[in-house]
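Peer 1: Structure provided below as structure tokens; questions to follow.
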Amino acid sequence: MRDQRGLGVVRALWEERDKVAQQRDTSPGRVLRDAAIVAADRPSLRRLRRCSRCANGSPAAPSAPRPGGIP
């Protein structure tokens, strides 16, 4: 996982998936595939665009600060 926030998202999805699977008496993979959980930790498209602009020499557009100081 890329950071603590991503790890928290993945953990919450994993735990909820297991809970739903138990209620439905089915395998967790049938409720939500592992690939979907991993995809939840991927950086957002906006972040990718910002990074690609920086890599190409263009300054990234400033973004508004997020609550709690999370970048």
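Condition check ((1) touching a helix residue (DSSP H, G or I) at 6+ places or on another chain (Cβ under 6 Å); (2) surrounded by 10 or more Cβ atoms within 10 Å (Cβ to Cβ); (3) of a type in the set (Gly, Ala, Ser); (4) at pLDDT 60 or above) across all residues:
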site	(1), (2), (3), (4)
Val10	yes, yes, no, yes
Leu13	yes, yes, no, yes
Asp25	no, no, no, yes
Arg30	no, yes, no, yes
Cys54	no, yes, no, yes
Gly57	no, no, yes, no
Gly69	no, no, yes, no
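Peer 1: Out of all the residues in region 32-42, which are loosely packed, with under 12 Cβ neighbours inside 10 Å and assigned to a loop (DSSP other than H, G, I, E, B)?
Peer 2: Listed by number, the list holds a single entry, Arg42.
The values are calculated or read from the model by the stated rules, or taken from the named source; none is laboratory data. Predicted, not measured: the structure shown is a model, and the values here were computed from it. Cβ: placed from backbone, ideal geometry, glycine included. Neighbour counts: every protein chain shown.
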